[in-house]
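Following: one structure in structure tokens, then a few remarks.
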Amino acid sequence: MKIVKKGIFIGVCVITIIILLFASSFAFLNYIKVNVHKPSSRLSAGIRGVNWADERDNFVDGVIYVSGLTKNDTYDSAKAVGRQVIRQMFDQTGANTIRLPINEATVENYWSTYTGSIDAALEKGNVIFSYWAPNNGKPEDLVRFYKMWSTVINKYGNNPNCYFEPINEPYGYNSKDLRDFYNNWLTKYHVSRKNVILDGIGLAALYINPLGNDKRLDGTMLAVHCYAFYSGYVHIKSLTETGWSNVLSVEIGKYSDRAIVTEWGAPMKTGLDYSVKKSNNDIHYVGAMSEKINHLGIGSVYWPGLRDGDSYSLMEKKVTKNQITLSVTNQSGLEKLQESWGKDTK
């Protein structure tokens, strides 16, 4: 088994070097096959998630208001909104996990309201708390950052249905600094490591091997993000389904047993039929993501389940007399997501 893993590691390293050297052309990925070890035990198995996001994007420098919430809400009204949104999202998609954004301003100024929606979500399933740095891919003030996390952990740290993602898409760090940052977080907060999600470097879209190799971070899940318009910092024009499968394989590397995809998504409001095989980059990408995630048996979280004004949003909402109605924007896209989770859509 060690020989197999060593071979996989060397292969992934070679592919990664080739990508870095020939970033302007990814065509070769269409003609090779990068294998990833299929784990027998997966930390993220069973996580079927969707993101709930702010219309302005979660990187907002200020309070985050996920679509449906406003500054005028109270705990009770936020809980009512949360119950309506989460119930419909979970019932219509088969999800059991919601990924919610936090930042310093939200926890400092909106926490007593936001917890209404969080508590509503926990009535139905799991919650991933994900910190979005407003600027520069890292916290600007570590005192505020740790105070924010202390507030969150003090309330939800002992809940087995809560997961904690110290930072989303940490592009402001090199590999060593990011690993030190994560070690400091883990040393400060003694939550169960199996409920901690650490994003890989480069917008969580380069690779997670350096995190997995660091023994200080053992026991945590390792997150990758993959979209059809980029890999890491490199914009990709078009790949086949095989090519996109290889991109995800390179990102995951040799730690598929700890991997989770906390963001992946594609246009849902453009009329694309993802059930039809045709020469289209988004169709190739969705097919590859669905198949590879399903094959590995790892958890994934779609971007976004609900975000007003986002063409990628899997659901859209209508509000009539304070009643929220959600509807699926693309049935074929939903079916591919469900297939990635191992759910039978027939």
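The values are calculated or read from the model by the stated rules, or taken from the named source; none is laboratory data. Note that this is a predicted model, so its numbers are computed, not measured. Cβ sites come from the backbone with ideal geometry, for glycine too, and all protein chains shown count toward neighbours. Areas reflect the complete protein model, heavy atoms only, side chains present, ligands, DNA and RNA absent. Shrake-Rupley method; radii C 1.70, N 1.55, O 1.52, S 1.80 Å.
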Taking into account only those residues within the stretch 18-52 that are closer than 27 Å to M221 by Cα, assigned to a loop (DSSP other than H, G, I, E, B) and open to solvent by less than 60 Å² (accessible area, probe 1.4 Å), which is modelled with the lowest pLDDT?
V34
Which residues, counting only those in the stretch 67-83, are among the acidic types (D, E) and outside any helix (DSSP H, G or I)?
D73
Just need a number here: residues in the stretch 303-341 that are hydroxyl-bearing (S, T, Y), closer than 17 Å to T93 by Cα and touching a Ser or Thr at 6+ places or on another chain (Cβ under 8 Å).
4
Tell me, which residue of the stretch 287-342 that is on the phi > 0 side of the Ramachandran plot and in contact with a helix residue (DSSP H, G or I) (Cβ under 9 Å, 6 or more places away or on another chain) is modelled with the highest pLDDT?
G342
Within the stretch 259-292, the count of residues that are of a type in the set (G, A, S) and touching a Lys or Arg at 6+ places or on another chain (Cβ under 6 Å) comes to 1
Residue check: is K292 open to solvent by 50 Å² or more (accessible area, probe 1.4 Å) and not small (G, A, S)?
no
Among the listed residues G342, G309, which satisfies the condition of being surrounded by fewer than 18 Cβ atoms within 10 Å (Cβ to Cβ), among the small types (G, A, S), touching a residue at least 60 places away in the same chain (Cβ under 8 Å) and more than 22 Å from L239 (Cα to Cα)?
G309
Criterion first (at negative phi, open to solvent by less than 10 Å² (accessible area, probe 1.4 Å) and of a type in the set (S, T, Y)) does T93 satisfy it?
yes
Residue that is surrounded by the fewest Cβ atoms within 10 Å (Cβ to Cβ) [pool: residues in the stretch 182-203 that are in contact (Cβ under 8 Å) with a residue 24 or more places away in the chain and assigned to a helix (DSSP H, G or I)]:
K188
If a residue has to be more than 25 Å from L314 (Cα to Cα) and open to solvent by less than 10 Å² (accessible area, probe 1.4 Å) to count, how many in the stretch 253-278 make the cut?
2
Somewhere in the stretch 117-131, is a residue of a type in the set (S, T, N, Q), more than 19 Å from the chain's Cα centre (by Cα) and part of a helix (DSSP H, G or I)?
yes
For V250, the lone unmet condition from (1) modelled with pLDDT of 95 or more; (2) closer than 28 Å to I201 by Cα is (1)
Pair list, Cβ under 9 Å, 6 or more apart: the stretch 149-178 residue touching a residue at least 12 places away in the same chain (Cβ under 8 Å) and more than 18 Å from T220 (Cβ to Cβ), other residue acidic (D, E) and open to solvent by 10 Å² or more (accessible area, probe 1.4 Å)
T151/E108
Could you tell me which residue of the stretch 145-161 is least open to solvent (accessible area, probe 1.4 Å), considering only residues that are not in a helix (DSSP H, G or I) and not polar (S, T, N, Q)?
G157
Residue among I86, I64 that alone is part of a loop (DSSP other than H, G, I, E, B), crowded, with 17+ Cβ neighbours inside 10 Å and either of a type in the set (V, I, T) or more than 21 Å from the chain's Cα centre (by Cα) (or both)
I64
